[in-house]
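Accompanying notes for the structure given below.
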Amino acid sequence: MPTYTKPSGDELATLAGEAKTARARITTSKGDIVFTFYPDDAPLHSAAFIKLARAGFYDGLNFHRYEPGFVIQGGDPSGNGTGGPGYSLEAEFSERPHIQGTVAMARSSNPNSAGSQFYICLDAAPFLNRQYTVFGHVVEGQNVVDQIRAGEAMSKVTIEDGPEAQG
């Protein structure tokens, strides 16, 4: 298994800068999900997602969790909610609300335990506000998000140039 390292120093600054205009595209059999990043609020999480996506980490992984009216979750190489990239990210909580289309990092009870697992909100979840790092928002394909169920594969996750993000 490849070794993954969290971005730091110049790499972190470069990737967080790229996140201001980048978009992530998650390709599934149901269609594509595209989201923009919030690097001003979550520079480490935005940079880490971009780095993992470019390394092919997410390609072929499944969404392992579907909670109706709540979230879909993926990014676990173990496929059961226990795996990660081999490192943890420090929390970057913000005032960004958990609304439909919010993209945030999953974690254990330890606020500084996020790694590669992320979730996308199917509906508003205000009870999660300021407790999880929100690092993006779906801008295309929310209808695809709504169709995803546990076991659906992310055939490919790519980072592409997009319009200027909201920061």
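Just so you know, all these numbers are worked out from the coordinates, no wet-lab data involved. Given the structure is predicted, the values throughout are model-derived calculations rather than measurements. Ideal geometry is used to build each Cβ from the backbone, glycine not excepted, and the neighbour counts take in all protein chains shown.
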Checklist outcome for this item: The distance between the Cα centres of region 1-50 and region 111-153, in whole Å, is 14
Item to check | Equivalent ellipsoid, the chain (semi-axes from 5 times Cα gyration tensor eigenvalues, Å) | outcome: 20, 18, 17
Checklist entry - So what J values fall out for region 120-135 if you push phi through Karplus, 6.51 cos²θ - 1.76 cosθ + 1.60 with θ = phi - 60°, rounded to Hz, Gly and Pro as x? => result 10, 6, 7, 7, 4, 9, x, 5, 8, 4, 6, 10, 9, 7, 7, 10
Checklist entry - Counting pairs of alpha carbon atoms under 8 Å apart in space and at least six apart in sequence, what relative contact order in percent does the chain give? => result 34
Item to check | Value of [θ]222 nm, deg cm²/dmol, for the chain, DSSP H segments ≥ 4, -39500 (n - 2.57) each, nearest 500 | outcome: -4500 deg cm²/dmol
Item to check | Simple Cβ-charge dipole of the chain, Lys/Arg +1 and Asp/Glu -1, about Cα centre, in debye nearest 20 | outcome: 360
Item to check | Under the Karplus curve 6.51 cos²θ - 1.76 cosθ + 1.60, θ = phi - 60°, whole-Hz ³J(HN,Hα) for region 26-41, x wherever Gly or Pro sits | outcome: 9, 8, 10, 5, 8, x, 9, 10, 10, 9, 9, 9, 10, x, 6, 8
Item to check | Burial ranking of peptide ranges 17-24, 87-94, 108-115 (average Cβ count within 10 Å, highest at the top) | outcome: 17-24, 87-94, 108-115
Item to check | Sequence-distant residues sharing a close amide H with Ala124 (under 5 Å, placed H) | outcome: Gln100
Checklist outcome for this item: For region 65-75, in residue order, the Karplus 3J(HN,Hα) values (coefficients 6.51, -1.76, 1.60; θ = phi - 60°; whole Hz; Gly and Pro = x) are 9, 9, 10, x, x, 10, 8, 10, 9, x, x
Item to check | Straight-distance crosslink candidates among lysines, where the alpha carbon sits under 28 Å from Lys30 and sequence neighbours closer than 8 are dropped | outcome: Lys20, Lys51, Lys156
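Let's test the formula: R0 of 30 Å, r as the Cβ-Cβ distance of Thr21 and Tyr87. What FRET efficiency results, to the nearest 0.05?
0.70
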